[in-house]
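Visitor: Shown below is the structure under consideration.
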Amino acid sequence: MPTFQFEAMDATGTEIKDVIEATTEEEAQATIRQMGYFVTKISVKKSRKKDDSGPAKKKRGMTFGGVRSKDLTTFTRQLSILQDAGLPILRSLRILASQSKPGRLKYSLEDTCDEIEAGSTLSEAMSKSPKCFNRLYVNMIKAGEAGGALELILQRLADFQERAESLKRKVKGAMIYPVFVVGIAVTILTLIMIFIVPSFREIFTEFDLELPPMTEMLVTLSDWTVNYWYLIPLIPTSIWLFVKLVRKFKQGRIGWDQFIIKIPIFGPLFEKNILARSARTLGTLVASGVPILEALNITRDTSGNAVFERMYSRISEAIREGESIAKPMKENSTPGFHPIALFFWITSIPVVGALIYLLKYKQRIVDDIVVNMIDVGEETGELDTMLYKVADVYDEEVAVLTDSLAKLMEPILIILLGGMVGFIVIALFIPLVKLIEGLS
């Protein structure tokens, strides 16, 4: 039985858009009139099935993973500009798809265009490509369609993604420098231990020198490196795989995520980054007209940390029972004791790890000022504005922290690397000096 897509008006003059199944167009119109609607437009909904005489589908290359956040941010900004200029949505998507490079985004846009031509709305079409458009994206588009403010929603979405991308770049920038320097330093020190120290050891053995303790230690380290060099990449890889395996389980993920936001130096950076991102996500969804429960569920799924996910889940349950956001947020913002988090603390800091964890596990992940600002926002009806202010405050704190860490890491790394190189030089030259004195 064919499906008819129709537009109609009810007795109050409100426009209705819906679909109906009927044998013929006349039967469909009669059914719609019986529903109390006046038909203004009706047509057969196009089928997505492709018949044999149709054009062949374009060949597509292999694609893996999702879309880079940078590419999706650029696409959203361009789409908002085209919509603001008054272009039809289908034409805008066709333009952006044609100028995109072959990949997940281009193919998802082409599929979205096909879905729209078949009668789907923009949000319905985008929901068919979850690897490109996540729940947050689709729900904001849906809210924009329902409120007739798609251009405004796209602008908000583009602003939100640009802010999130900027924050991500700052955090990554603070992490790249130390990781790169440590990687290069480990490589150079490994080569010294494998190729240079053994040559000196042969000289010392040939002259039957009595080696000082520093040189003995260096020679022992060199022997270990020569015999077990494969453990240098194997140990960090094994740790990474172990963490990945632990995070496959719900309790393991909670324990690891609780550990990662409380570790010294980098923990506050991760915690404030997550809080800034989740506050901006929730504020953007509320401002776009997404229902609060759906907005909280989306914020929970996009927070990226199991401790925050648990907090938002409990807030949603409290709201269903008639509570506001502020009170359950305050009550559920304490991570609590977790044995897996304690295990990670003990293994990472053997001596005082357990003591540090016992002092930190009762510390809340949401400060009183955040709770109070959300409470005021709910009372005044300006919840989205208050959430934006919270996000701005924590964005600024993350920026200050990343700059401070970048400036702090440089002298620390220089001191550490200088100490390692100095130890090697002194350990090798003390016996050399003795050798030269003996020969003279």
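Visitor: Restricting to the stretch 150-185, name every residue that is surrounded by 15 or more Cβ atoms within 10 Å (Cβ to Cβ) and hydroxyl-bearing (S, T, Y).
Guide: Listed by number, the list is empty, since nothing qualifies.
Visitor: Can L401 be described as farther than 20 Å from A287 by Cβ, assigned by TED's automatic domain parsing to the domain that holds I340, in a helix (DSSP H, G or I) and modelled with pLDDT under 90?
Guide: Details: farther than 20 Å from A287 by Cβ: yes; assigned by TED's automatic domain parsing to the domain that holds I340: yes; in a helix (DSSP H, G or I): yes; modelled with pLDDT under 90: yes.
Yes; evaluated as a whole, the condition is true for this residue.
Visitor: A326 is checked against (1) buried (at least 17 other Cβ atoms within 10 Å of the Cβ); (2) modelled with pLDDT of 85 or more; (3) under 24 Å from W256 (Cβ atoms) and fails just one. What number does that condition carry?
Guide: With respect to (1) buried (at least 17 other Cβ atoms within 10 Å of the Cβ); (2) modelled with pLDDT of 85 or more; (3) under 24 Å from W256 (Cβ atoms), A326 is out only on (3).
Visitor: Give me the residue from the stretch 93-107 that is in contact with a Gly (Cβ under 9 Å, 6 or more places away or on another chain) and not in a helix (DSSP H, G or I) and, out of that set, surrounded by the most Cβ atoms within 10 Å (Cβ to Cβ).
Guide: Once the filter is applied, the top-ranked residue is G103.
The values are calculated or read from the model by the stated rules, or taken from the named source; none is laboratory data. Note that the structure is predicted; figures quoted are calculated from it, not measured. So basically every Cβ, Gly included, is an ideal-geometry build from the backbone, and we count neighbours across all protein chains shown.
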